[in-house]
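Asks: Quick one: the structure is below, questions incoming.
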Amino acid sequence: MNKLKLGLLPISALVLSLALVGCVNTGNGNQAKKKTLADISLNIEPAVKSFVERPQAKENASDSDVTRLIIDYKELAQLTDDPKVKEKIALRLAELQLIDDEHAQEVGSSVQDNAAGYFDNTIAAYQALLKKRDCGDNSEHLLYQLAKAYELQGEGELSYQTVKTLTDTYPIIPYAHELHFISGEYLFSQKKYALASDAYKQVVETDSKTSYFQTALYMLAWSEFKLEKETQALNYFSQLLDLQLPTQASNQIDLDKLPIASQGMVKDTLRVMSLIFSYRQGADSLVQHYLQYGARYYEYLNYESLAEQFIDDKRYQDSTKT
């Protein structure tokens, strides 16, 4: 982002939008110059966001109500000497401050001259609460909210480090897959592909039912391709096609009639697979892949895509053989 997107960004947040460039002919017509992912557009809008608003983070009050509540809680804090009551008030104030700061950002209110951003007060509030506790009952939630505040502030690295602290400290929390996905998105945006791959694997290998699974699988395939682990990338991309394409065999699939959320993902998947095949041994590589992976009815889509790739690369003789 290069921010760690906890909520506002769809991978929109981290899925990069880069220009598609044709492979360059090397002269003999049989070898194509290898592309990197930086040459290819990730032109999709994933169906999930990298931060899901959880119930405890929501507030139904109006903006004026939130402002009034902040004032009331601050006044209440002055009326008690009970440390536990003061801590509960401080926690509530941090929640309200986050809501208030989000609204200020949304409407474009002016930021104070000495402020780093809209969320200075929220960040300070959660930091203060965490300093008062040693992994108390609310520490998990506090870290989550602090990570979100950092992300909203544009502090991607601090947000990522907070998420990492959270997953290291609480490895079996119910929403761990969400946090690993968030980490993968940030790491991918920073071109730390090996670490991104590890983060996406935490999602893919632990819970196939999570809403993050297919997007994590897609980004895992891209990460492996960036690491030049092309065989692994092909296998992950094929797994994605298994999930995204109709289960009923057909030789007349219209990609433009797939669900909107699937269209770009499937088209990009076929395109990148074609790139891999084209700078290997062309159609022979495609055949070998499905001999290893297992036959699929939709292989003809790969052949069509590969033929288009050869034409784009001006490898006309190869395209007629595909």
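Asks: Do you know which of the residues in region 105-120 that are assigned to a helix (DSSP H, G or I) and of a type in the set (D, E, K, R) is surrounded by the fewest Cβ atoms within 10 Å (Cβ to Cβ)?
Replies: The selected residue is Glu106.
Asks: Further question: The conditions are (1) among the hydroxyl-bearing types (Ser, Thr, Tyr); (2) surrounded by fewer than 21 Cβ atoms within 10 Å (Cβ to Cβ); (3) closer than 26 Å to Lys191 by Cα, and Tyr303 fails exactly one of them. Which is it?
Replies: (3)
Asks: Also, I was wondering about something else. Does Gln127 count as over 21 Å from Leu195 (Cα atoms) and either of a type outside the set (Gly, Ala, Ser) or in contact with a Gly (Cβ under 7 Å, 6 or more places away or on another chain) (or both)?
Replies: yes
Asks: Taking region 158-182 as the region of interest, how many residues are without any contact (Cβ under 8 Å) to a residue 40 or more places away in the chain, touching a helix residue (DSSP H, G or I) at 6+ places or on another chain (Cβ under 8 Å), part of a helix (DSSP H, G or I) and not β-branched (Val, Ile, Thr)?
Replies: Residues that pass the stated criteria total 7.
Asks: If only one of Thr231, Thr206, Thr210, Thr215 is closer than 30 Å to Gln161 by Cβ, polar (S, T, N, Q) and surrounded by fewer than 16 Cβ atoms within 10 Å (Cβ to Cβ), which one is it?
Replies: Residue meeting the stated conditions: Thr206.
Asks: Looking at Ala94, is it of a type outside the set (Ser, Thr, Tyr) and over 26 Å from Pro171 (Cβ atoms)?
Replies: no
Asks: Yes or no: region 157-174 includes at least one residue that is farther than 30 Å from Asn235 by Cα, among the small types (Gly, Ala, Ser) and crowded, with 24+ Cβ neighbours inside 10 Å.
Replies: The answer is yes; a qualifying residue exists.
Asks: Moving on. Thr162 is checked against (1) within 27 Å of Leu301 (Cα to Cα); (2) among the β-branched types (Val, Ile, Thr); (3) within 18 Å of the chain's Cα centre (by Cα) and fails just one. What number does that condition carry?
Replies: Thr162 satisfies every listed condition except (1).
Asks: Note down all Cβ pairs under 9 Å where the first residue falls in region 236-265 and is more than 20 Å from Ser223 (Cα to Cα), the second is assigned to a loop (DSSP other than H, G, I, E, B) and among the acidic types (Asp, Glu), and they're at least six residues apart or on different chains.
Replies: These pairs meet every condition: Ile260/Glu45; Ala261/Glu45.
Asks: What's the number of the condition Asp207 fails, among (1) acidic (Asp, Glu); (2) touching a Lys or Arg at 6+ places or on another chain (Cβ under 8 Å); (3) not in a helix (DSSP H, G or I)?
Replies: Asp207 satisfies all of (1) acidic (Asp, Glu); (2) touching a Lys or Arg at 6+ places or on another chain (Cβ under 8 Å); (3) not in a helix (DSSP H, G or I) except (2).
Asks: Surrounded by 15 or more Cβ atoms within 10 Å (Cβ to Cβ) and over 27 Å from Ala196 (Cβ atoms) - does that describe any residue in region 274-285?
Replies: So far as region 274-285 goes, yes, one or more of its residues are surrounded by 15 or more Cβ atoms within 10 Å (Cβ to Cβ) and over 27 Å from Ala196 (Cβ atoms).
Yes/no matrix, rows are residues, columns are (1) modelled with pLDDT of 90 or more; (2) assigned to a loop (DSSP other than H, G, I, E, B):
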position	(1), (2)
Cys23	no, yes
Gly29	no, yes
Ile44	no, yes
Ala47	no, yes
Ile70	yes, no
Lys74	yes, no
Lys84	no, no
Leu96	yes, no
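Asks: Ok, one more. Of all residues in region 121-156, how many are touching a residue at least 12 places away in the same chain (Cβ under 8 Å) and part of a helix (DSSP H, G or I)?
Replies: So the count comes out to 25.
The values are calculated or read from the model by the stated rules, or taken from the named source; none is laboratory data. As the structure is a prediction and not an experimental result, all values here were calculated from the model. Positions of Cβ are backbone-derived with ideal geometry, glycine not excepted, and every protein chain shown enters the neighbour counts.
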